[in-house]
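One structure is given here, and the rest of the page talks about it.
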Amino acid sequence: MTEKQTYAADGFDWEGLRAHAVDAAKHAYAPYSNYPVGVAGYADDGRLLQGCNVENAGYGVTLCAECGLVSSLHMTGGGSLTHVVCVNGSGEVIMPCGRCRQLLWENGGPELLLMTVSGVKPMSEVLPDAFGPEDLA
Ligand code: THU
């Protein structure tokens, strides 16, 4: 399957959402790794949300781009993420780190669709057997 076919498969404009992630990466503060990251997603009411990574002299304090995305989700009305794309400074799709997969799970659940390096996948495939809110019920 080619990349273009993957983007078109579910009728969603993945290329458009990726372009919003590329824009977000331009705001990254990544002086230590020199690895800008941008992320863009839609909330279930259609809101577009974006985030970029923000590094810190205390390296471990670094905020991944997805942290900004999730904060923006809650700041602008809450709800749940439905579609997400994460890119590096070259505009290439990257996989969210393990911690950020957990963030996406909390804020999108198993049905959130993520553009991955191997095509569009639901979070249930990206983070199988995830620990989540229902485990605390
Ligand atoms: N980074 C993200 O923003 N999201 C990820 O899912 C992977 C890693 C950032 C953190 C750090 O600023 C840089 O990429 C290099 O690890």
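Every read-out reported here was derived from the displayed coordinates using simple, explicitly stated rules and does not represent laboratory data. Everything numeric in this text was worked out from a predicted model, so none of it was measured. With ideal geometry, Cβ positions are generated from the backbone for all residues, glycine too; neighbour counts draw on all protein chains shown.
Computed values, structure above
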quantity: Ranking of CYS67, CYS86 by count of other Cβ atoms within 10 Å, fewest first; calculated: CYS67, CYS86
quantity: Relative exposure of HIS20, HIS27, judged by other C-beta atoms within 10 Å (fewest first); calculated: HIS27, HIS20
quantity: Cα pair count fraction exceeding 12 Å, expressed as % - the stretch 55-97; calculated: 69
quantity: The stretch 28-50 and the stretch 58-84: distance between their alpha carbon centers, rounded to Å; calculated: 8
quantity: Cut-off 13 Å between beta-carbons: net charge of the residues surrounding LEU48, Lys and Arg +1, Asp and Glu -1; calculated: -2
quantity: Sites excluded, GluC sites (Glu not before Pro) in DSSP loops with at most 16 other C-beta within 10 Å, longest stretch of the chain; calculated: 1-91
quantity: Chymotrypsin sites (Phe, Trp or Tyr not before Pro), loop per DSSP, at most 16 other Cβ atoms within 10 Å - longest free stretch of the chain; calculated: 33-130
quantity: Convex hull of the chain built on C-alpha atoms - directionally averaged projected area, nm²; calculated: 8.7
quantity: Relative contact order computed over the chain (Cα-Cα under 8 Å; 6+ residues apart), in percent; calculated: 20
quantity: Pairwise Cα inverse-distance average, inverted: Kirkwood Rh of the stretch 62-137 (Å); calculated: 12.8
quantity: Rough spin-label spacing in nm, given labels placed 7 Å along Cα→Cβ, for SER118 and VAL61; calculated: 3.8
quantity: Karplus (6.51, -1.76, 1.60) ³J(HN,Hα), θ = phi - 60°, over the stretch 56-70, in Hz, Gly and Pro reported as x; calculated: 8, 4, x, 3, x, 8, 3, 9, 5, 4, 5, 4, x, 4, 5
quantity: The chain: most fluctuating residue of PRO110, PRO31, PRO96 per GNM, C-alpha cutoff 10 Å; calculated: PRO31
